[in-house]
DNA sequence: CCGGATCCGGGTTGATACTG
DNA sequence: CAGTATCAACCCGGATCCGG
């Protein structure tokens with residue numbers, strides 16, 4: 001895409017991340033960490049392979065990602081966010097917060113659904129709520145796939161599959177998972193609508209406590 | 001632009017604001033408030049007039065802007081952000097913070113420079129630092145134009161021209177104005193490099209105090 | 001399978017010109 | 001002032017192909 005040629009921080013930022021797909025590539029790398037080309041493609045349904053290749057090249061030139069030789073079991077290379085790329089976390093958090101407030105309806109027929117997108121919502125908005133060195137493992141199952149999120153006070157980590165057993169697992173429509181994680185729904189509201197909560201539910205309600213004012217999340221007891 | 005067809009809050013947000021120019025139109029409306037078509041065009045050098053018209057139509061359909069009959073002196077209509085449009089403030093703040101950290105060099109030859117872009121940086125990152133009902137008027141002069149920003153504890157307002165006298169006025173290269181406002185430069189560093197500070201300089205150093213940790217901004221006394 | 005490269009049709013963008 | 005109209009160039013997405 002062409003530069004806006006405006007000496008403005010917004011325009012400069014968009015010169016780099018305003019291209020189609022770029023912020024979604026950042027989303028995937030922020031969720032899973034270092035990823036292979038095919039992993040990225042899997043998390044970006046709809047992208048053309050030439051575009052993914054070209055975007056990765058541009059992003060590397062712009063200092064957002066680095067290409068590295070894979071650490072151990074894989075015989076290929078992986079893409080990884082640079083420090084500068086990770087600093088886009090705030091941009092993504094803002095976009096998530098804005099976007100989630102519009103998602104009051106379920107996915108349309110041709111919408112892809114992948115659980116890491118809800119997991120990233122959890123990671124970016126809920127991490128830092130556990131006590132200092134406690135860790136909460138949250139399982140998320142939407143659209144026939146599963147991920148687990150480890151929420152720590154200083155960050156989060158997302159993996160595909162239910163590798164480690166979770167403290168608590170959410171399964172059901174992405175609308176309900178997102179509604180609960182974003183605070184739009186209470187636990188009883190969400191379970192009433194069909195969300196399944198397995199495991200230690202009190203861990204979940206602790207997570208949804210808003211630490212800003214110390215108030216307990218609405219659990220449905222007092223609507 | 002086509003939808004990503006991903007049931008993800010980031011993708012949903014980008015479905016609406018990911019089109020070229022959209023966030024820059026929001027930037028102008030956030031800076032100046034209700035604006036006429038030609039005001040917008042002026043603040044968006046490089047945009048084709050058909051694109052501006054089409055974007056405004058789409059943004060209206062998406063509930064980001066409203067078209068209103070102008071209040072008093074103007075015989076035409078103005079565009080105004082809706083509540084939902086104003087909620088993009090956090091997205092713009094994040095983009096500004098990310099983008100400004102890369103602007104360590106001045107504008108290139110074909111970059112447009114307009115003072116409201118620095119003013120918005122000030123408005124979005126510095127407002128809320130004055131005491132409860134105090135108001136600080138900051139003048140900004142870059143690239144042969146002038147704006148003034150009124151910084152209040154609960155928001156800000158930007159106007160073109162030096163209508164009201166400012167408490168303190170910055171004039172000089174946009175690089176230095178932005179460097180100072182973003183905290184990358186101290187006052188003495190910026191003035192040493194050619195920035196002119198007119199008026200009550202202590203108002204400026206008060207603004208640059210970081211209220212998070214209560215620490216005083218580096219004024220150059222202790223580098 | 002993985003990591004792309006190539007080709008192609010159609011849609012989008014942006015410059016210019018024009019109009020009520 | 002507030003937009004349309006037109007058109008060339010470019011970008012996007014889908015499909016296909018190809019070397020490890």
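Show the residue pairs meeting these rules: Cβ distance below 8 Å; 6+ apart or different chains; first residue within region A:21-50 and at positive phi; second residue within 12 Å of DNA strand D (Cβ to nearest atom) and part of a loop (DSSP other than H, G, I, E, B).
A:21/A:44; A:21/A:47; A:46/B:4; A:46/B:5
For region A:76-140, which fully contained helices (runs of 4 or more DSSP H) count at least 2 residues that are at the interface with chain B (Cβ under 8 Å from one of its Cβ atoms)?
Values: elements: A:83-86, A:89-100, A:115-126.
The helices (runs of 4 or more DSSP H) meeting that bar are A:89-100, A:115-126.
Which is surrounded by fewer than 23 Cβ atoms within 10 Å (Cβ to Cβ), within 11 Å of chain B (Cβ to nearest Cβ) and outside any loop (DSSP other than H, G, I, E, B), of A:10, A:16? I'd like the intermediate steps shown before the answer.
Values: A:10 fails: surrounded by fewer than 23 Cβ atoms within 10 Å (Cβ to Cβ).
Among A:10, A:16, only A:16 is surrounded by fewer than 23 Cβ atoms within 10 Å (Cβ to Cβ), within 11 Å of chain B (Cβ to nearest Cβ) and outside any loop (DSSP other than H, G, I, E, B).
Could you tell me how many of the residues in region A:47-67 are within 11 Å of DNA strand C (Cβ to nearest atom) and either in a helix (DSSP H, G or I) or at pLDDT below 90 (or both)?
10
How many of the residues in region B:26-39 are away from DNA strand C (no atom under 14 Å from the Cβ) and away from every other protein chain (no Cβ under 12 Å)?
Matching residues across region B:26-39 total 6.
All but one of (1) more than 10 Å from DNA strand C (Cβ to nearest atom); (2) within 10 Å of another protein chain (Cβ to nearest Cβ); (3) assigned to a loop (DSSP other than H, G, I, E, B) hold for residue B:71; state the number of the condition that does not hold.
Against the list (1) more than 10 Å from DNA strand C (Cβ to nearest atom); (2) within 10 Å of another protein chain (Cβ to nearest Cβ); (3) assigned to a loop (DSSP other than H, G, I, E, B), residue B:71 comes up short only on (2).
Hey, among A:46, A:63, which residue is at the interface with chain B (Cβ under 10 Å from one of its Cβ atoms), over 15 Å from the mean Cα position of the chain (by Cα) and within 15 Å of DNA strand D (Cβ to nearest atom)? Don't jump to the end; show me each part of the working.
Working: A:63 fails: within 15 Å of DNA strand D (Cβ to nearest atom).
Every option except A:46 fails the conditions.
Could you list all residues from region A:35-46 that are part of a loop (DSSP other than H, G, I, E, B) and surrounded by fewer than 17 Cβ atoms within 10 Å (Cβ to Cβ)?
To start, the set of residues in region A:35-46 that are part of a loop (DSSP other than H, G, I, E, B) comprises A:36, A:44-46.
Once the filter is applied, which keeps residues that are part of a loop (DSSP other than H, G, I, E, B) and surrounded by fewer than 17 Cβ atoms within 10 Å (Cβ to Cβ), region A:35-46 yields A:36, A:45, A:46.
Which of (1) away from chain A (no Cβ under 13 Å); (2) over 20 Å from residue B:123 (Cα atoms); (3) near DNA strand D (Cβ under 8 Å from one of its atoms) is the odd one out, the single condition residue B:55 does not satisfy?
Going through the list (1) away from chain A (no Cβ under 13 Å); (2) over 20 Å from residue B:123 (Cα atoms); (3) near DNA strand D (Cβ under 8 Å from one of its atoms), residue B:55 breaks only (3).
The values are calculated or read from the model by the stated rules, or taken from the named source; none is laboratory data. All of these numbers come straight from a predicted model, not from anything done at the bench. Cβ coordinates were reconstructed from backbone atoms using ideal geometry, including for glycine residues, and neighbour counts include every protein chain displayed.
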